[in-house]
1. What is the dipole size for the chain, taken about its Cα centre, with +1 at each Lys and Arg Cβ and -1 at each Asp and Glu Cβ, in debye to the nearest 20?
2. Given the chain reduced to its alpha-carbon atoms as identical point scatterers, what log10 I(q)/I(0) does the Debye formula return at q = 0.06 Å⁻¹?
3. Calculate the spin-label point distance for S250 paired with D383, positioning each point 7 Å from the Cα along the beta-carbon direction, and give it in nanometres.
4. If R₀ is 25 angstrom, what is the calculated FRET efficiency for the pair T144 and R235, using the beta carbon separation as r and rounding to 0.05?
5. Against the empirical 2.2 N^0.38 Å scaling, what ratio does the C-alpha Rg of the range 63-163 come to?
6. Take the Cα pairs of the range 107-172, get the Kirkwood Rh, then feed it into Stokes-Einstein at 10 °C and 1.306 mPa s and tell me D in µm²/s.
7. Heavy-atom accessible area per residue, the range 167-319, 1.4 Å probe: how many Å²?
8. Say the dipole of the range 93-189 comes from +1 at the beta carbon of Lys and Arg and -1 at that of Asp and Glu; which of N168, L133, Y107 then lies farthest toward its positive end?
Amino acid sequence: MSAARTGTQTGTGSSHVNRRRFVGIAAGLAAAGGAGGAGLLTAQDPAPGHATRHAAGHRRRRIRPLFLGTYTSAPGGGAGVGLGTYDTVTGRITRTGVLDGVADPSYLALAPSGRTLYAVDEQERGEVTAMALRPDGPPTVLGTRSTGGAGPCHLSVHPSGRWLLSANYLSGSVAVHPVDRATGSLGARTDLVTHTGPPPGPGQDGPHAHQIITAPDGRHVLAVDLGNDTVYTYRLDESAGELTQVSYASLRPGAGPRHLTFHPSGAFAYLANEVDNTVVVCRYDRRTGRLTPGAPQATGTGTGTSYPAQLLVTRDGGFAFLANRGHNSLTRYAVEAAGARLRLLDTVPVGGDFPRQIAFSPDQRWLFAANQKSGSVTVFSVDARTGALRRTGEPFPAPVPVCVLPR
């Protein structure tokens, strides 16, 4: 009733390409234009003998990989997936190269095994690409598959590692691809579902799927559609790789839901609404997969122009953070009542322009913000007790960074 399987694409108006990318940013990228060079990271030369092995081992433990998504077709954009490292003690980012041959890799995701990296190719003819990660060298491209839609902007890997899920923004559809667990490569698409209802929200010309994730229960897949002001819940057939819609949750018209993040308990989820500049706490029924949105809440950005991008929640469920484009800040919330309530604490300047996406390091000691318009990534230390954010070092220059993924 509100979603349909189809092999065709819906309208892809150029206004939505501009809205997604906000790419009139060439002037702000002059500093990043020369930042795409390679230059491999080399460890400091330690003393010989046993000390050499010890120091080198310590260095390897401190230095972790980091990947950057970009728009290769945008003015000043990157040449492919950006490759780098970060220091787990200082948070400092170092560039190590670029993996070219992947067009407009605007969003990245890791397989549960950590051995494969996936990227959307956010173009008119949408694709997803798999890349093998190697401990002794740069990633290699395994192959690319069509999503069956236009402008894919988000993807995630099912916890089983067997399925790749992707969201086609321009055509308002979601796709499923099988994953070869031995190699990480992708098979031919097993499903494509187009959102057909409820009707588009104010100012929208149709559905615009913006995110697709698996709920913590592992039984349900949720797709956030900005154009329809709706979050769809599906059940994934893990044998056939097919989606069956089981419910949907409607936001108020014109909310423009963009990104959903679950509380660690799995009983609540937090939704960032791009168009009306709000966040919503949603109750989640793990048995049925039904999502029940609460009342819209403030983002702390006042009455000026601001577009909420993404929420993160700490592993202990104590704090949530929201990236605000336009206002160029990060909002800090205290999570209360076992996840049922967000209390706004403060906002801090992000130190860049248009924070498109944010990510924790695996230990959640660091928070990284990809600032699309300023061509930079800022790094914050996270106080585990208070959730306070403190910017560390100078912003790292990167060509049109729209996704940062520390490993």
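1. 940 debye
2. These q points yield log10 I(q)/I(0) values of -0.22.
3. 4.4 nm
4. 0.35
5. 1.07
6. 132 µm²/s
7. 34 Å²
8. The Cα lying farthest towards the positive end belongs to L133.
The values are calculated or read from the model by the stated rules, or taken from the named source; none is laboratory data. Note that this is a predicted model, so its numbers are computed, not measured. When we count neighbours, we look across all protein chains shown, and the Cβ atoms used for this are built from the backbone with ideal geometry, even at glycine. Areas reflect the complete protein model, heavy atoms only, side chains present, ligands, DNA and RNA absent. Shrake-Rupley method; radii C 1.70, N 1.55, O 1.52, S 1.80 Å.
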